[in-house]
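> Mind having a look at this structure? Questions to follow.
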Amino acid sequence: MTKKWLLSLAVAGSIAVLTACAGAPADGGASPAASAESSAGAEGQAQMPEPDLKGVPDVVAEVNGTKITKDKFTAAYEGQFQQMAMQSQMTGQEVDQDALKKQTAEAMVGTQLLIQEADHRGIKAPQKDVDAELEKMAKSNDFKTVDELLAAIKKQGMDQNEVNAEMQTQVKVNKLIAEEAGDTKPSEKELKAAYDQAKQQQEAMGEQSGQKAEVPSMEEMRPNLEEQVKAQKETEATQALVTDLREKADVKIHL
């Protein structure tokens, strides 16, 4: 973990969704911390590109009067850049940093719109929900306890009050997305469609590698398929909401 990653805790849950909405490749659900750790492991490899942040203004964007600062943008951009840089090492395609900066800025505008909408709707973040989110974060980043997570964060320059404030924002956004998405329980038809798609992808990958793919049954994959369909419904609801809010908002991007 890095301090720059921690500065953007509040946007961690939605940045990938909104970057995909803005036109950049999504990361497939990896957490920012996991991406950072993967990048750290890849640093020893040759020709790992570096993020170019020259010329980024102190205020990257304004959303209904709220400023998105260079520090916040840098944290989000470096997380996205790490993922794209790792992909570029595999594909040999150079990262288009100008395009990625614009996409990241648009994603952060979308996140800010969600935060503002959550506040407008009076959505609350009780401490028990914040604690649950911290538990989830600790587990996903391989900490045994929340105290260990907070200790690691403190070493990076953020105290518990700052972390709580960031996590309250994340909880509010999560609740807004859940409220907007409504009932996300997948139907059998939706699960079958998701399974068929996954099966085709695995079989195609098997053909490319010259090996026959061993595709699990639908029942074996059911828990993952349910999560996948639910996540897709939430993504679609989030994108639709952001599009609607963006049309009504006063947004200035200074990149």
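> Provide, as a two-decimal number, the C-alpha radius of gyration of the range 58-108 over 2.2 N^0.38 Å, N being how many residues it has. Walk me through the numbers before you get to the answer.
On the way: Rg = 12.4 Å, N = 51, 2.2 N^0.38 = 9.8 Å.
For the range 58-108, the normalised Cα radius of gyration is 1.26.
> Got a sec? How would 195, 77 order by Cβ neighbour count within 10 Å, fewest to most? Each step should come with its number before you reach the end.
Details: 195 21, 77 27.
By the 10 Å Cβ count, ascending, the order reads 195, 77.
> Given Cα pairs under 8 Å that are at least 6 residues apart, what percent is the relative contact order of the range 101-255? The partial results should precede the final answer.
On the way: 93 pairs, mean separation 46.3, N = 155.
Relative contact order here is 30 percent.
> For the range 173-186, in order, what is each residue's ³J(HN,Hα) by Karplus, 6.51 cos²θ - 1.76 cosθ + 1.60 with θ = phi - 60°, in whole Hz (x at glycine and Pro)?
Per-residue couplings from phi come out as 5, 4, 5, 4, 5, 5, 5, 6, 6, x, 6, 9, 5, x Hz.
> With r defined as the distance between the Cβ atoms of residue 199 and residue 140 and R0 fixed at 30 Å, what FRET efficiency is calculated, to the nearest 0.05?
Numbers: r = 28 Å, r/R0 = 0.92.
Calculated value: 0.60.
> I've got another one for you. Once each part is reduced to its C-alpha centroid, what is the distance from the range 58-84 to the range 179-255 in angstrom?
Computed from Cα coordinates, the inter-centre distance equals 27 Å.
> Using a Förster radius of 22 Å, what is the FRET efficiency between residue 119 and residue 252 based on their Cβ-Cβ separation? Nearest 0.05, please.
Numbers: r = 20 Å, r/R0 = 0.91.
So, using R0 = 22 Å, E works out to roughly 0.65.
> Return the FRET efficiency for the residue pair residue 230, residue 98: r is the Cβ-Cβ distance, R0 is 30 Å, and the value is rounded to the nearest 0.05. Each step should come with its number before you reach the end.
Values: r = 35 Å, r/R0 = 1.15.
The pair residue 230/residue 98 has a calculated efficiency of 0.30.
> Still on this structure, I have one more. Mind checking the range 141-238 for trypsin sites (Lys or Arg not before Pro) that DSSP puts in a loop (not H, G, I, E or B) and that have at most 10 other Cβ atoms within 10 Å? Can you show the working numbers first?
On the way: sites: 144, 154, 155, 172, 175, 189, 192, 199, 212, 230, 233; in loops: 144, 212.
Hits after loop and neighbour filter: 144, 212.
> Per the Kirkwood treatment, what hydrodynamic radius in Å, one decimal, follows for the range 130-255 from the mean inverse distance over all distinct Cα pairs? List each step's numbers first, then the result.
On the way: mean 1/r = 0.0547 Å⁻¹.
About 18.3 Å for the range 130-255.
> So who's got an amide H within less than 5 Å of the one on residue 215, skipping anything under 5 residues away but keeping other chains? H placed 1.01 Å off N, in plane.
Placed amide hydrogens put nothing under 5 Å from residue 215.
> Something else about it: Show the residues, 5+ positions off or on another chain, whose built amide H is closer than 5 Å to the amide H of residue 61.
Counting only residues 5 or more places away or on other chains, the set is 68, 254.
> Assuming 0.36 nm per residue, please report the length gained on full extension of the stretch residue 179 to residue 90 beyond their Cα-Cα distance.
Details: separation 89, 0.36 × 89 = 32.04 nm, distance 3.86 nm.
Residue separation times 0.36 nm, minus the Cα-Cα distance, leaves 28.2 nm.
> Taking the Cβ of each residue in 109, 215, 173 as the centre, tally the other Cβ atoms inside 10 Å and list the residues starting with the fewest.
On the way: 109 25, 215 16, 173 22.
If I rank by nearby Cβ atoms, fewest first, I get 215, 173, 109.
> Shape call for the range 44-140 from the C-alpha gyration tensor, a ≥ b ≥ c root eigenvalues: rounded (a/c under 1.5), prolate (a/b greater than b/c) or oblate?
Values: a/c = 2.84, a/b = 1.47, b/c = 1.93.
Note, shape of the range 44-140 comes out oblate.
> Can you put 250, 131 in order of Cβ neighbours within 10 angstrom, beginning with the fewest? Write down the numbers at each step before the final one.
Working: 250 8, 131 14.
In order of increasing Cβ crowding within 10 Å: 250, 131.
> How big is the range 114-183 by Rg and Dmax over its Cα atoms, in Å?
Just the Cα atoms of the range 114-183 yield Rg and Dmax of 13.2, 40 Å.
Taken together, the values in this text are just the output of simple stated rules run on the coordinates, not laboratory data. Here the structure is a predicted model, which means the values were calculated and not measured. When we count neighbours, we look across all protein chains shown, and the Cβ atoms used for this are built from the backbone with ideal geometry, even at glycine.
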